[in-house]
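Just below is one structure, and these are the notes that go with it.
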Amino acid sequence: MKGVVFGGERTLELMSFPDPTPGPGEVVLEIKASGMCGSDLKFYRASKSGGTASLGLGALAGPVIAGHEPCGVVAALGPGVAERQAPLGARVMVHHYSGCGVCPHCRSGWAQLCREGPIVYGVTGHGAHARFMKVPVSTLVALPDELGFDTGAAISCGTGTAYGALVRMGLSGRDRIAIFGQGPVGLSATQLAAAMGARVLALDVSPERLARAKEFGCEAIVDPGKSDPVAAIKELTHGIGADLALDTSGAPAARLAAVRSAKTWGTVCFVGEGDTVTLDVSRDLLRRQLTLIGSWTFSTVGQAECARFIAERGIAIDRLFTHRWRLEEAEKAYRLFDAQTAGKGVFLM
Ligand SMILES: [Zn+2]
Ligand SMILES: [Zn+2]
């Protein structure tokens, strides 16, 4: 089979790999949809000598198939996997990490926090930008019948990350939340927060992305390239600040603005990857009793809960996708995604 491999410095290659066969405790999926996530751009843009190490994910040994938003059907079971764990043909998503399986994090569905260090599929282990993918059966999360494979792919990282952050922040229908960055994670957060009854202030420097945030139910939009985002949010909240602020961009200036635009006693959450932030701790945090949360994706249980929420509320997550690609179009697909003005892309197999 062919798989997409990032070569560093905005290059990629469709390389040949043997079709995988499942070992003990493993299954092979036939991939139906494999999403493109904002964090893929970190790897796509990385230097030839490895962007995975810079994100604290360890170094690579040999070419790895990209794609960490896998969704497909069960195609083969390895020894020791019972049919009821993974019925052939079952529609499934993948929680795209595996760990030792015995530490408290693995046992509670948070394999990405494994004490032994996790495998991250699509980053340090073969991912879903290919026809087949081999994973431990413990990584499978059922895809509700109501949801398409493309929606399942989005839930497997970007949309699930947005959901996980909103849950951790304790978002309620009484809140106003400022969401910095309206890429795939930020737009999902806008859709989900609106569905949870909150009012959303959406921020981005791309007019296309702001227009989509409006369609997805935000209360107001702010372009931080044109006006000071902290002042704009204060003005939209009667001088109080937002109850909650979420940064999905990873940009240092946006992180600082998120912290400064939250109200006293407010909660701020960072989900954007990479880079740094400099805060004036006394003025920005202590004097304002802020809660600052770092949030990395979700557990297997959280992923299932997110999918159920989306299915029951009929949230049109598939509208995030502006581009549907064949695997052979990967080069063009990532070149366009790299410009960060379009919506989300997905490979359909
Ligand atoms: Zn573990
Ligand atoms: Zn991701």
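The values are calculated or read from the model by the stated rules, or taken from the named source; none is laboratory data. Here the structure is a predicted model, which means the values were calculated and not measured. For neighbour counting, all protein chains shown are included, and Cβ atoms are generated from backbone atoms with ideal geometry for every residue, glycine included.
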For the range 300-319, check the following and say yes or no: at least one residue is among the polar types (S, T, N, Q) and either out of contact with any Lys or Arg (no Cβ under 8 Å at 6 or more places or on another chain) or within 16 Å of ligand 2 (Cβ to nearest atom) (or both).
yes
Filter result (away from ligand 2 (no atom under 16 Å from the Cβ), in contact with a helix residue (DSSP H, G or I) (Cβ under 8 Å, 6 or more places away or on another chain) and within 14 Å of residue 347 (Cβ to Cβ)) within the range 12-44:
12, 14, 32
Is one or more of the residues making up the range 96-104 within 16 Å of ligand 1 (Cβ to nearest atom) and in a helix (DSSP H, G or I)?
yes
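Let's see how each residue does on (1) in a strand (DSSP E or B); (2) touching a Gly at 6+ places or on another chain (Cβ under 6 Å); (3) over 21 Å from residue 22 (Cα atoms); (4) not hydroxyl-bearing (Ser, Thr, Tyr):
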site: 84; (1), (2), (3), (4): no, no, no, yes
site: 87; (1), (2), (3), (4): no, no, no, yes
site: 92; (1), (2), (3), (4): yes, no, no, yes
site: 117; (1), (2), (3), (4): no, no, yes, yes
site: 120; (1), (2), (3), (4): yes, no, no, yes
site: 128; (1), (2), (3), (4): no, yes, no, yes
site: 146; (1), (2), (3), (4): no, no, yes, yes
Are there any pairs with C-beta distances below 6 angstrom linking a residue in the range 28-45 that is in contact (Cβ under 8 Å) with a residue 60 or more places away in the chain to a residue that is within 9 Å of ligand 2 (Cβ to nearest atom) and small (Gly, Ala, Ser), with the two at least 6 apart or on different chains, and if so which?
37/158
Residues that are outside any loop (DSSP other than H, G, I, E, B) and away from ligand 2 (no atom under 16 Å from the Cβ), drawn from the range 290-299
291, 292, 293
Name the residues in the range 301-322 that are buried (at least 20 other Cβ atoms within 10 Å of the Cβ), of a type in the set (A, V, I, L, M, F, W, C) and part of a helix (DSSP H, G or I), would you?
304, 306, 307, 310, 317, 320
Out of 232, 178, which single residue is buried (at least 22 other Cβ atoms within 10 Å of the Cβ) and at pLDDT 95 or above?
178
Just to be sure I understand the filter: pairs with C-beta atoms under 6 Å, separated by 6 or more residues or on different chains, first member in the range 130-142 and modelled with pLDDT of 95 or more, second member assigned to a helix (DSSP H, G or I) and small (Gly, Ala, Ser). Which pairs pass?
141/304
From the list 304, 254, pick out the single residue that is at pLDDT 95 or above, farther than 30 Å from residue 139 by Cβ and of a type in the set (A, V, I, L, M).
254
Looking at the range 105-115 only, could you name the residues that are assigned to a loop (DSSP other than H, G, I, E, B) and either touching a helix residue (DSSP H, G or I) at 6+ places or on another chain (Cβ under 7 Å) or free of Cβ contacts under 8 Å to residues at least 12 places away in the same chain (or both)?
109, 114, 115
